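**Q** Can you read through this structure? Questions will come right after.
The values are calculated or read from the model by the stated rules, or taken from the named source; none is laboratory data. Just so it is clear, the model here is predicted, and its values are computed rather than measured. Note: ideal-geometry Cβ built from the backbone for every residue, glycine included; neighbour counts use all protein chains shown. For accessibility, only protein heavy atoms count, side chains too; no ligands or nucleic acids. Shrake-Rupley method; radii C 1.70, N 1.55, O 1.52, S 1.80 Å.
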Amino acid sequence: EAGVTQFPSHSVIEKGQTVTLRCDPISGHDNLYWYRRVMGKEIKFLLHFVKESKQDESGMPNNRFLAERTGGTYSTLKVQPAELEDSGVYFCASSQASRGRPGELFFGEGSRLTVL
Amino acid sequence: RKEVEQDPGPFNVPEGATVAFNCTYSNSASQSFFWYRQDCRKEPKLLMSVYSSGNEDGRFTAQLNRASQYISLLIRDSKLSDSATYLCVVKSYNTNAGKSTFGDGTTLTVKP
């Protein structure tokens, strides 16, 4: 069974440009999360989709970040315009919660973003 | 203060050693607890869930103390392949699936 896949694995862009990251969760997983790890810091929550709905976007840093999950399958995270401090590794994770049991998070390998 | 705090490390131990990692969390409403493992430049992967009664999986033992808001991971008989960063993860449920908060991670290097 395919795991969580992310694209691109690495993106290098200049400040002010736009980048779109894509995540394909494990088939059938309703829950999709975006996390980010900035150099030297902990992995931080960005937002959570349940199917196509944004359940929690409290971790989104500012309005330069836009996440979508049209149709409740894959998700995109767009950064526009990118700033230097956006550099880091963006992880996507998915889970299928079942009542009374915490859903294990399955992570993709991450998309490394470098803003020059 | 961070929501989840871990031993800063790094831990450098010889093969066969026993090593323990500690983690504290500040949100008393936290409901689920996990240890994830992350290899260099790879994604985090679930190592084990942490249950109230404590649980063991081979050489790994996890403990939870809700009163002290403290979680631990003990690794016995360390192997070279245990070298990785260990992430303490705490989940609070304000939705069906909840939001996970990560600690900074503790890096372990096991040497021959």
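**Q** I need the Kirkwood Rh of the range A:52-96: take the reciprocal of the average 1/r across all distinct C-alpha pairs and report it in angstrom.
**A** 12.0 Å
**Q** Here's another thing I want to ask about it. Could you order peptides B:1-10, A:28-37, B:17-26 by the average number of other Cβ atoms within 10 Å of their residues, highest first?
**A** Those peptides, ordered most packed to least, come out A:28-37, B:17-26, B:1-10.
**Q** Report the label-to-label distance for B:Asn27 and A:Leu116 in nanometres (one decimal), using points 7 Å from each Cα along the Cα→Cβ vector.
**A** 3.9 nm
**Q** Let me ask something additional. Could you work out Rg/(2.2 N^0.38 Å) for the range B:1-106, with Rg from alpha carbons only?
**A** 1.04
**Q** A further question on this structure: For all pairs of alpha-carbon atoms in the range A:29-74, what percent lies in each bin of width 5 Å, listed from the first bin to the last filled one?
**A** 5, 22, 29, 22, 14, 6, 2, 0
**Q** Beyond 12 Å, what share of the Cα-Cα pairs of the range A:1-51 remains, rounded to the nearest whole percent?
**A** 74 percent
**Q** I need the shape label for the range B:38-99. Rule: rounded when a/c is under 1.5, else prolate if a/b > b/c, else oblate, with a, b, c from the alpha carbon gyration tensor.
**A** It is oblate, given that a/c is not under 1.5 and a/b is not larger than b/c.
**Q** Take every Cα pair under 8 Å in chain A that's 6+ residues apart, average their separations, divide by the length, and report that relative contact order as a whole percent.
**A** Once normalised by length, the contact order is 36 percent.
**Q** Roll a 1.4 angstrom probe over the protein heavy atoms and tell me the percent of accessible area of chain A that is carbon or sulfur.
**A** Ligands and nucleic acids excluded, carbon and sulfur give 47 percent.
**Q** Still on this structure, I have one more. Taking every residue in A:34-44, how many Cβ atoms of other protein chains lie within 10 Å of its Cβ, on average?
**A** 3
**Q** Could you pull out the longest piece of chain A with no exposed loop GluC sites (Glu not before Pro) in it, calling a site exposed if DSSP puts it outside H, G, I, E, B and it has at most 12 other Cβ atoms within 10 Å?
**A** A:15-116
**Q** Taking N as the number of residues in the range B:1-60, what is its alpha-carbon radius of gyration divided by 2.2 N^0.38 Å?
**A** 1.28
**Q** Averaged over its residues, how many other protein chain Cβ atoms are within 10 Å of peptide B:99-109's Cβ atoms?
**A** 4
**Q** Moving to a separate point now. Mind checking which lysines have their C-alpha under 27 Å from A:Lys51, skipping anything on the same chain fewer than 8 residues away?
**A** A:Lys78, B:Lys42, B:Lys45, B:Lys91, B:Lys99
**Q** Simple spin-label model, 7 Å along Cα-to-Cβ: A:Lys41 to A:Lys78 in nm?
**A** With each label placed 7 Å out from Cα toward Cβ, I get 2.3 nm.
**Q** How high is the relative contact order of chain B, in percent, counting Cα pairs under 8 Å that sit 6 or more residues apart?
**A** 37 percent
**Q** Averaged over A:51-62, how many beta carbons belonging to a partner chain fall within 10 Å of each residue's beta carbon?
**A** Other-chain Cβ atoms within 10 Å of each residue's Cβ, averaged: 1.
**Q** Follow-up. Could you give the length gained on full extension between A:Ala2 and A:Lys51, defined as 0.36 nm per residue of separation minus the Cα-Cα distance, in nm?
**A** Using 0.36 nm per residue and subtracting the Cα-Cα distance, I get 15.8 nm.
**Q** How large is the direction-averaged shadow of the alpha-carbon convex hull of the protein assembly as shown, in nm²?
**A** 12.8 nm²
**Q** When the Kirkwood radius is taken over all Cα pairs of chain A, what Stokes-Einstein diffusion coefficient follows at 20 °C and 1.002 mPa s, in µm²/s?
**A** 151 µm²/s
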